[in-house]
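The values are calculated or read from the model by the stated rules, or taken from the named source; none is laboratory data. The model shown is predicted, which means the values in this text are computed figures rather than measured ones. Virtual Cβ from ideal backbone geometry, glycine too; neighbours counted across all protein chains shown.
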Amino acid sequence: MQANISQRFGRYGSLYLTGTRQSYWNSDRTTDSLMAGYNATLGPVNYNLSWSYSKGSNQTHSDRAAYLSFSLPFSALLPGQQKISGPQTRLTGNASRNSNGRTSYTGGLSGTLLEDHNLGWNVQQGYTRQGDNGGQDGGSGSANVDYRGTYGSTSLGYSYSRDYRQVNYGLSGGAVVHRNGLTLGQQPGTTSILVAAPGAAGVPVRNGTGVKTDWRGYALLPYSSEYRETRVELDAGGLDEQTELEETSVRVVPTRGALVRADFKAHSGARVLMRLTYQGKPLPFGTTVTADNSSGITGDDGVVFLSGLESEGELQAQWGSSANQQCTVRYRLTEQQMQQSPVQLSEVCVQR
């Protein structure tokens, strides 16, 4: 049997109280427990004060304990108005004491590194005084790092106390076989998303920490909400100078246990600012110019922007339905021009 009471006091925090009576099968023995606590914020500090009580029907004395925990940005301890950009390094602390005099103290720091904040770290140090429990007093501590990347995750940690030393490490990941081949990624959850942007390699996926498209343009988003519209977004800033996306976000609705595909169209090739003339005059404003994988509309002075162009090809221009309102452009780009972005050209459009 359990009863819970909680009350919020706006900016003054919240109070909670939980009572439990536990009975045992084929036994008259019971255990009564009570937990009370207070959560609040003081400036940059989040803190919690709590107290617990437990007594079994076969126990002579009750077990009681008091706890204090807090957390704050490390930058709050720096002088002046100095700021730390990105997710903040946080300082945490815990202290507890029970009715037998056992006292524990723990302090720690945690944060993230790298541009995508996909390298996490934390260090902790603690000390325990045994009180009336007997045993020896002693310290304990730990240090851990974890990295989440395109092809999986890895972790490394070290911990110690008076009685042991321990090193732990781990590797995890997932693989998906689909109609376009094999894609490696972080370990997938119950519901995942396959990002398909063939031709757009190394592009960050905003929805996933440390997730980028692989060398072919595919990525695995390991987790997604079920039965809810999810917006999958690629960071166009990660594209190279010769790659363009038709759209940077698509929406999907994953079902439970499914691997949903999010398709993006990418065009690879040169980006060109081309000034087009016809019969000695700039093409009219609003002329449609099309290539195999690209299209654009002329602005002032017959200038059109096109992306994804091959090194040579043909463009079709049209500003009306009659024959003398259509023309064709043959262009050719050198290897040096293919490395520029954008390439600036002037070409003459001739009647078809």
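Observations
- Pairs where the first residue, in segment 326-346, is of a type outside the set (Asp, Glu) and the second is surrounded by 12 or more Cβ atoms within 10 Å (Cβ to Cβ) and in a helix (DSSP H, G or I), C-beta under 7 Å, 6+ apart: Val343/Gln337
- Thr287 meets the conditions (1) surrounded by 13 or more Cβ atoms within 10 Å (Cβ to Cβ); (2) touching an Asp or Glu at 6+ places or on another chain (Cβ under 7 Å) in every case but one. The failed one is (2).
- Test: residue in segment 201-216 that is within 19 Å of the chain's Cα centre (by Cα), more than 30 Å from Ser295 (Cα to Cα) and either surrounded by fewer than 12 Cβ atoms within 10 Å (Cβ to Cβ) or acidic (Asp, Glu) (or both): no
- Selection count, segment 317-332, where residues are closer than 13 Å to Thr290 by Cα and either basic (Lys, Arg) or modelled with pLDDT under 90 (or both): 1
- Contact map, segment 125-153: first residue under 14 Å from Ser172 (Cα atoms) and in the same structural domain as Leu109 (by the TED database), second residue among the charged types (D, E, K, R) and crowded, with 16+ Cβ neighbours inside 10 Å, Cβ cut-off under 7 Å, separation 6 or more or different chains; pairs are Thr150/Lys212; Thr150/Asp214; Ser153/Asp146.
- The strands (runs of 3 or more DSSP E) found entirely in segment 266-318 that carry 2 or more residues being without any contact (Cβ under 8 Å) to a residue 24 or more places away in the chain are 295-297, 312-318.
- Members of segment 1-16 found to be of a type outside the set (Lys, Arg) and loosely packed, with under 15 Cβ neighbours inside 10 Å, listed by number: Met1, Gln2, Ala3, Asn4, Ile5, Ser6, Gln7, Phe9, Gly10, Tyr12, Ser14
- The set of residues from segment 301-319 being within 22 Å of Leu239 (Cβ to Cβ), surrounded by fewer than 17 Cβ atoms within 10 Å (Cβ to Cβ) and not hydrophobic (A, V, I, L, M, F, W, C) comprises Glu310, Ser311, Gly313.
- Restricting attention to segment 249-265 and to residues that are of a type in the set (Gly, Ala, Ser) and part of a loop (DSSP other than H, G, I, E, B), the residue that is nearest to Tyr218 (Cα to Cα) turns out to be Ala258.
Yes/no matrix, rows are residues, columns are (1) over 28 Å from the mean Cα position of the chain (by Cα); (2) within 29 Å of Ser142 (Cα to Cα); (3) acidic (Asp, Glu):
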{"position": "Tyr16", "(1), (2), (3)": "yes, no, no"}
{"position": "Gln22", "(1), (2), (3)": "yes, no, no"}
{"position": "Asn26", "(1), (2), (3)": "yes, no, no"}
{"position": "Gly56", "(1), (2), (3)": "yes, no, no"}
{"position": "Pro73", "(1), (2), (3)": "no, yes, no"}
{"position": "Arg90", "(1), (2), (3)": "no, yes, no"}
{"position": "Arg97", "(1), (2), (3)": "yes, yes, no"}
{"position": "Tyr105", "(1), (2), (3)": "yes, yes, no"}
{"position": "Leu109", "(1), (2), (3)": "no, yes, no"}
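To keep it simple, each residue is scored yes or no on (1) surrounded by fewer than 15 Cβ atoms within 10 Å (Cβ to Cβ); (2) among the hydroxyl-bearing types (Ser, Thr, Tyr); (3) in the same structural domain as Arg129 (by the TED database).
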residue	(1), (2), (3)
Gly19	no, no, no
Ser27	yes, yes, no
Met35	no, no, no
Ser52	no, yes, no
Ser57	yes, yes, no
Leu91	no, no, yes
Asn98	no, no, yes
Ser104	no, yes, yes
Leu113	no, no, yes
